[in-house]
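Written out below as structure tokens is the structure these notes cover.
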Amino acid sequence: MNKTLGILGLLVLACVATALINPQFVSAYNLQNVIRWTSLFGILSIGVAFVIITGGIDLSIGSVVGLVGCLLPLLMVEHGFSPAAAIGAVLGLSVAIGLFHGLLITKLGLQPFVVTLCGLLFYRGYARFVTGDQTQGFGTGFETLRGLATGKPTTVATSIAVLAAGALLLEVLRGRREQEGPRRGPLLAAGAVFLAALATGVFDPGGLAQVRAPAPFLIMIVIALAAGLFLNATVGGRYLYAIGRNLTAARYSGIDTDRIVIGAYVACSALAGLGGVLFALDVNSVQPAMHGNFYELYAIAAAVLGGCSLRGGEGTVTGVVIGAAVMRVLYNSINLLEIPTQLEFSIIGAVILLGVAADELVRRTVARRRRGGS
């Protein structure tokens, strides 16, 4: 909870500071843009969080996004596949990629870093080969399908109210799992008041009640709630954390660790595939050599910034979603504040480093106090 509150505070600080310097930040167009891209990267980040919780890593996410993004218009435009068949094919391929990664890691004992790094190179190269390195796109057709990425079915205020309600539910479940319910009572009560004010329009920061929410935001909410419920309310979720904390102990306690780890990599690649579909529908024109480049770094950074430990065994979906929002707000702030774009990666890298370093210092301080108190 402390990590989630910390990253939420950073998000609020970044939003308020940017809005004060450049009021354009809270314009309807800009908010829709930030929320849409936050949602797309949030889907990728939730997937990689499953892998990181087990103590693994997946560097192939960006290349899977690129491969799926190239194959989808290729199948639909060049080969005449129906939208349902094409989406089913690319998502099936994504699941197969995750299964392949999981089998190599669990059955052959290969390191996740090596397996997914090879995947990063192979899938990017294959995407360029199968398309002849030519730009792929949907042209002016498939407008209904593109609505999955570009549609705006409801308001931001309503969507955030639903997301906040889900986050509160997940925190209640996590509190029960970690036996921290009594300490969370006041915070959850405050969250409920905020949720009611937002849903009724009493509290409407930036005119969110009038801003339409992009369709990917609703898709991310559904995925986030499903992932949160799995992690906090199922035996499989408890097993996932147990494997990340101590793989050997989990194996000796009777957990089928191979099956759980394989499932984590399948979930990660499947969400990368879904993200690839939405990214392709959003941009409409996909370049095989560039599409999805560095997306794995953004996703991993968002997960780590949101509280996932690269040592494994830690992480929450709420924190990951907020981490993804911080990444996109920082990117948007760099553009709005007219900071040289050459400094983009430097600034984002510095913020991530400071956030992770601060979290580590807090963790050590708490650990010392607990040892002193005992």
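The values are calculated or read from the model by the stated rules, or taken from the named source; none is laboratory data. Remember, it's a predicted structure, so these values are computed and weren't measured experimentally. Cβ atoms come from the backbone with ideal geometry, glycine included; neighbour counts cover every protein chain shown.
A few points about this structure:
- Of all the listed residues (ALA303, ALA289, ALA267), the sole one being touching a Ser or Thr at 6+ places or on another chain (Cβ under 7 Å), closer than 30 Å to LEU71 by Cβ and in contact (Cβ under 8 Å) with a residue 40 or more places away in the chain is ALA303.
- Selection status of ASN293, assigned by TED's automatic domain parsing to the domain that holds SER60, in contact with a strand residue (DSSP E or B) (Cβ under 6 Å, 6 or more places away or on another chain) and not hydrophobic (A, V, I, L, M, F, W, C): no
- Candidates ALA302, ALA215, ALA280 - the one that is buried (at least 20 other Cβ atoms within 10 Å of the Cβ) and touching a strand residue (DSSP E or B) at 6+ places or on another chain (Cβ under 6 Å): ALA280
- Exactly one residue out of ALA49, ALA14 is part of a helix (DSSP H, G or I) and under 18 Å from the mean Cα position of the chain (by Cα): that is ALA49.
- Among the residues of the range 122-161, the ones that are over 16 Å from GLN287 (Cα atoms) and either of a type in the set (Asp, Glu) or at pLDDT 85 or above (or both) come to 2 in all.
- Residue within the range 232-240 that is polar (S, T, N, Q) and surrounded by fewer than 24 Cβ atoms within 10 Å (Cβ to Cβ) present: yes
- Residue within the range 312-321 that is under 13 Å from the mean Cα position of the chain (by Cα), surrounded by 22 or more Cβ atoms within 10 Å (Cβ to Cβ), among the polar types (S, T, N, Q) and at pLDDT 90 or above present: no
- Residue within the range 133-156 that is touching a helix residue (DSSP H, G or I) at 6+ places or on another chain (Cβ under 8 Å), assigned by TED's automatic domain parsing to the domain that holds THR248 and more than 27 Å from ASN33 (Cβ to Cβ) present: no
- Scanning the range 17-46 for residues that are hydroxyl-bearing (Ser, Thr, Tyr) and part of a helix (DSSP H, G or I) gives THR18, TYR29, THR38, SER39, SER45.
- Number of positions in the range 350-365 that are without any contact (Cβ under 8 Å) to a residue 40 or more places away in the chain, more than 18 Å from ALA14 (Cα to Cα) and not polar (S, T, N, Q): 5
- Selection status of GLY275, in contact with a Ser or Thr (Cβ under 9 Å, 6 or more places away or on another chain), in a helix (DSSP H, G or I) and either among the basic types (Lys, Arg) or crowded, with 23+ Cβ neighbours inside 10 Å (or both): no
- Single unsatisfied condition, GLU338 versus (1) in contact (Cβ under 8 Å) with a residue 12 or more places away in the chain; (2) part of a loop (DSSP other than H, G, I, E, B); (3) more than 15 Å from TRP37 (Cα to Cα): (1)
- Lone unmet requirement of (1) touching a residue at least 24 places away in the same chain (Cβ under 8 Å); (2) surrounded by 14 or more Cβ atoms within 10 Å (Cβ to Cβ); (3) farther than 27 Å from LEU93 by Cα for ILE347: (1)
- Taken as a whole, the condition of being surrounded by 13 or more Cβ atoms within 10 Å (Cβ to Cβ) and part of a helix (DSSP H, G or I) does not apply to SER309.
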